[in-house]
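First the structure, in the form of structure tokens, and then the observations on it.
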Amino acid sequence: MLGEGGVGKSEDAYKTQIRIDDEPANLDILDTAGQAEFTAMRDQYMRAGEGFIISYSITDRRSFQEARHFKQLICRVRRTVDTPVVLVGNKSDLTQLRQVSVEEGKELAREFQCPFFETSAAFRYYIDEVFAALVRQIRQREAEAVRSGERKTRRSRSLWSRFKAPFRKKQHSNN
Ligand SMILES: Nc1nc2c(ncn2[C@@H]2O[C@H](COP(=O)(O)OP(=O)(O)OP(=O)(O)O)[C@@H](O)[C@H]2O)c(=O)[nH]1
Ligand SMILES: [Mg+2]
């Protein structure tokens, strides 16, 4: 979960198993902080993550402008433009406070070549769709990697485990 401070990332963060397209998917979501982050840490999780939800708030134009920076960071750290990403405009329930139009969101997603959703974490609108879309992107890349004989996905999984290891003790999850 990437995005400016206050856009609503933490409302969606959890670790769980869900079924997507009749196949189980283990979601292990890292809720990052929008502000005051150590760059070294950010580079680590950007390298380790399998997919990214870039979120902004439709009530905060600044957070929308920041979305592009997060995308650029991902590309730079991973040295590829081909990373599973979903763009999310959150707080869609706050229509009176809207500063970013649906069209602008769609336009940015076209630029990123990724799926786009306007969500309300508060009302759980389109949250499941976001995770399903991200998992589909990840699966698509995995299938392509297998076809081309790469073993990249296994490597990125172990990177993720290593990255998460120091945090595990603090969590109440049982692995
Ligand atoms: N109305 C409305 N409020 C929301 C929504 N999502 C989050 N909020 C509220 O927005 C505020 C910020 O949400 P957080 O989840 O803490 O934001 P964050 O992106 O995690 O922010 P940082 O942790 O500072 O990076 C909280 O008061 C949430 O209750 C939403 O969809 N609609
Ligand atoms: Mg947060």
Exercise for review: Specify the inter-centroid distance of the range 4-68 and the range 77-156, based on alpha-carbon positions, in whole Å.
Suggested key: 10
Revision key, fill the gap. Once residue 159 and residue 147 are pulled to full extension, the length gained, defined as 0.36 nm per residue separation minus their Cα-Cα distance, is 2.2 nm
Check your understanding: Sorted by accessible area with a 1.4 angstrom probe, largest first, how do 41, 1 fall?
Key -> 41, 1
Exercise for review: Putting +1 on Lys and Arg Cβ atoms and -1 on Asp and Glu Cβ atoms, find which of 123, 148, 109 reaches farthest to the positive end of the dipole of the chain.
Suggested key: 148
Check your understanding: What accessible area per residue comes out for the range 19-146, rounded to a whole number of Å², with a 1.4 Å probe?
Key -> 54
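To the nearest 20 Debye, how big is the dipole of the chain about its Cα centre, given +1 on the beta carbon of each Lys and Arg and -1 on that of each Asp and Glu?
Charge dipole of the chain: 960 debye, to the nearest 20.
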Check your understanding: Based on the inverse mean of 1/r over its pairs of different Cα atoms, what is the Kirkwood hydrodynamic radius of the range 13-174, in Å?
Key -> 16.8
Exercise for review: Take every Cα pair under 8 Å in the range 13-174 that's 6+ residues apart, average their separations, divide by the length, and report that relative contact order as a whole percent.
Suggested key: 22
Practice item. Using packing as a proxy for protection, rank 53-66, 71-84 so that the peptide with the highest average count of other Cβ atoms within 10 Å comes first. Key: 53-66, 71-84
Exercise for review: Just the number, please: carbon plus sulfur as a percent of the accessible area of the range 13-174, 1.4 Å probe, no ligands or DNA/RNA counted.
Suggested key: 50
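The values are calculated or read from the model by the stated rules, or taken from the named source; none is laboratory data. The structure presented is a predicted model; accordingly, all values stated were derived computationally and were not measured. Please note: Cβ atoms are built from the backbone with ideal geometry, for glycine as well, and neighbour counts cover all protein chains shown. Just so you know, the surface numbers come from the protein's heavy atoms only, side chains and all, with ligands and any DNA or RNA stripped out. Shrake-Rupley method; radii C 1.70, N 1.55, O 1.52, S 1.80 Å.
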